[in-house]
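Novice: Shown below is the structure under consideration.
The values are calculated or read from the model by the stated rules, or taken from the named source; none is laboratory data. The model shown is predicted, which means the values in this text are computed figures rather than measured ones. Counting neighbours? That spans all protein chains shown, and the Cβs are built from the backbone with ideal geometry, glycine included.
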Amino acid sequence: MARYADPGLVDWVESGGGPLVVVPAEVLNLWEGADSDGPESDYDRACAVSGCAGLLAVGPSLVLVLGDEPSSTAFLPEYGVFVRWVAADSEAELMGSVGAALEAAAWEDRQLWDVPGPVVLFDSAWPGSEVEPDNHTRVDLPAGRYEVRAALAHPDADITFQLIQLLPLP
């Protein structure tokens, strides 16, 4: 059985201090990050999102903003969930708690998100046309409507993480 702590098994995306965003690949070049000519940048709009997850319009699509904390984040396709590392002594310790946390989660921030296909997770300060080469993750989501829901998991005194789950809807 593979361990999550094996090198390269889970790709973590880091934030420079602001929120992370999940942008549909088809509108990636429309995300301007902190580089905007207007009075309010896409980064400013992302920073204004309250709660663990929110949606912003970008071109003809919506972008999922992972707000609240600038936590390291990974996507676990087997659960359809973004895991946001708040506190844990090791990656293996945190990942070993995810399955049980999903079953016990008190979900909040429920929203509907129409996804046109694959998405890219990265630091919201960066323009989509120039995402950091080693600090982004492409997630191959099938096109469709998803329920986005969030929960805070605190399985023991030393482990805390956020879950942002994407549930496909019929």
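Novice: Read through the list (1) surrounded by 18 or more Cβ atoms within 10 Å (Cβ to Cβ); (2) closer than 21 Å to GLN162 by Cα; (3) without any contact (Cβ under 8 Å) to a residue 60 or more places away in the chain, then give the number of the only condition that VAL83 fails.
Specialist: The failed condition is (3).
Novice: In addition: For the range 99-145, give me each residue that is under 18 Å from VAL10 (Cα atoms), in contact with a Gly (Cβ under 7 Å, 6 or more places away or on another chain) and surrounded by fewer than 19 Cβ atoms within 10 Å (Cβ to Cβ).
Specialist: Across the range 99-145, there are no qualifying residues.
Novice: Which of the residues belonging to the range 126-145 are on the phi < 0 side of the Ramachandran plot and over 14 Å from the mean Cα position of the chain (by Cα)?
Specialist: TRP126, PRO127, GLY128, SER129, GLU130, VAL131, GLU132, PRO133, ASP134, PRO142, ALA143, ARG145
Novice: List the residue pairs whose Cβ atoms are under 8 Å apart, where the first residue sits in the range 96-110 and is over 15 Å from GLU78 (Cβ atoms), the second is among the basic types (Lys, Arg) and modelled with pLDDT of 95 or more, and the two are 6 or more positions apart or on different chains.
Specialist: Close Cβ pairs (under 8 Å, with a partner that is among the basic types (Lys, Arg) and modelled with pLDDT of 95 or more) amount to TRP107/ARG149; GLU108/ARG149; ASP109/ARG149; ARG110/ARG149.
Novice: Turning to a different aspect of this structure: Within the range 110-137, which residues are at pLDDT 95 or above and of a type in the set (Asp, Glu)?
Specialist: ASP114, ASP123
Novice: Can you name the number of the only condition in (1) in contact (Cβ under 8 Å) with a residue 40 or more places away in the chain; (2) buried (at least 18 other Cβ atoms within 10 Å of the Cβ) that SER41 fails?
Specialist: SER41 satisfies every listed condition except (1).
Novice: With the structure loaded, tell me whether PRO142 is farther than 21 Å from GLY51 by Cβ and either at pLDDT 95 or above or of a type in the set (A, V, I, L, M) (or both) or whether it fails that test.
Specialist: yes
Novice: Next question. When you go through (1) in contact with an Asp or Glu (Cβ under 8 Å, 6 or more places away or on another chain); (2) part of a loop (DSSP other than H, G, I, E, B); (3) farther than 19 Å from GLY54 by Cα one by one for TYR79, which number turns out not to apply?
Specialist: Among (1) in contact with an Asp or Glu (Cβ under 8 Å, 6 or more places away or on another chain); (2) part of a loop (DSSP other than H, G, I, E, B); (3) farther than 19 Å from GLY54 by Cα, TYR79 violates only (1).
Novice: So for the range 7-24 (the condition being surrounded by 14 or more Cβ atoms within 10 Å (Cβ to Cβ), without any contact (Cβ under 8 Å) to a residue 40 or more places away in the chain and not small (Gly, Ala, Ser)), does at least one residue qualify?
Specialist: no
Novice: Still on this model: Assess whether ASP68 counts as being assigned to a loop (DSSP other than H, G, I, E, B), farther than 27 Å from GLY144 by Cα and modelled with pLDDT under 95.
Specialist: no
Novice: Any idea which of (1) surrounded by fewer than 20 Cβ atoms within 10 Å (Cβ to Cβ); (2) hydrophobic (A, V, I, L, M, F, W, C); (3) assigned to a loop (DSSP other than H, G, I, E, B) is the one LEU55 doesn't satisfy?
Specialist: The single condition LEU55 does not satisfy is (3).
Novice: State whether one or more residues within the range 5-22 are in contact with a helix residue (DSSP H, G or I) (Cβ under 6 Å, 6 or more places away or on another chain), at pLDDT 90 or above, in a loop (DSSP other than H, G, I, E, B) and over 24 Å from PRO116 (Cα atoms).
Specialist: Yes, that holds for at least one residue.
Novice: Let me ask something else about it. I'd like to verify a number: residues in the range 124-166 that are of a type outside the set (Ser, Thr, Tyr), more than 22 Å from TRP85 (Cβ to Cβ) and assigned to a strand (DSSP E or B), how many?
Specialist: 3
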